[in-house]
Amino acid sequence: PHHFGNIPLFVRESDRVLRQGGLLAVVDNVVPPGSVGDYVNAFEKLRDPSHGRCLSPEEWTAAFQAAELSVKHQETLTKTMNFQFWAKRHDPTMQSYLRSLLTESSGPTAAFLNPQKTADGTTFQLLEAITIATKPEP
């Protein structure tokens, strides 16, 4: 969904087509609220212009609640990304720029992305969430 133009509209439309008692499960990358999330979204958008915006887990919950869906479960999973694979669509100049944005990040942004140099190159972390909600029975 982080490629969708309007995530709240997606959630409302999902609610519209769900039967009462129906289940909606969404898996997507998520970011922390605030400047760290803004940085990660900008970083992702530079790599992939089709990237819209990753929401925070709290924003997913709010979007489900706004559509009157009842969140039953939410969990997150850290996933390790290989920078070379992640950035391979770009030429060496853009790869160098993206690598600098990653490795020169600091504070909470660096803590979230956790860039690491390994024998195989550079890795970093992203966060993925699953949010499961139901449409209430009458």
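The values are calculated or read from the model by the stated rules, or taken from the named source; none is laboratory data. This is a predicted model, so every value here is computed, not measured. Glycine gets a Cβ as well: all are built from the backbone with ideal geometry, and neighbour counts include every protein chain shown. Areas reflect the complete protein model, heavy atoms only, side chains present, ligands, DNA and RNA absent. Shrake-Rupley method; radii C 1.70, N 1.55, O 1.52, S 1.80 Å.
Just a few scattered comments:
- Accessible-area value, R89, 1.4 Å probe, nucleic acids and ligands omitted, Å²: 140 Å²
- Solvent-accessible surface (1.4 angstrom probe) belonging to Y39, in square angstrom, nearest 10: 70 Å²
- In this Cβ point-charge picture (+1 for Lys and Arg, -1 for Asp and Glu), the chain has a dipole of about 260 debye about its Cα centre.
- Sulfur and carbon atoms: percent of accessible area, the chain [1.4 Å]: 55 percent
- Computed over protein heavy atoms with a 1.4 Å probe, the accessible surface of the chain works out to 56 Å² per residue.
- Helical segments meeting 27 Å axial Cα length and Kyte-Doolittle -0.5 threshold in the chain (DSSP H): none
- In terms of accessible area, using a 1.4 Å probe and ignoring ligands and nucleic acids, F83, F112, F4 rank largest first as F4, F112, F83.
- Summary value for the chain: 39 percent relative contact order, contacts being C-alpha pairs under 8 angstrom separated by 6+ residues.
- Annotation: lysines with alpha-carbon distance below 20 angstrom to K79 (same-chain offsets under eight excluded): K45, K88, K117.
- Region 45-116: relative contact order in percent, alpha carbon pairs under 8 Å with at least 6 residues between: 23 percent
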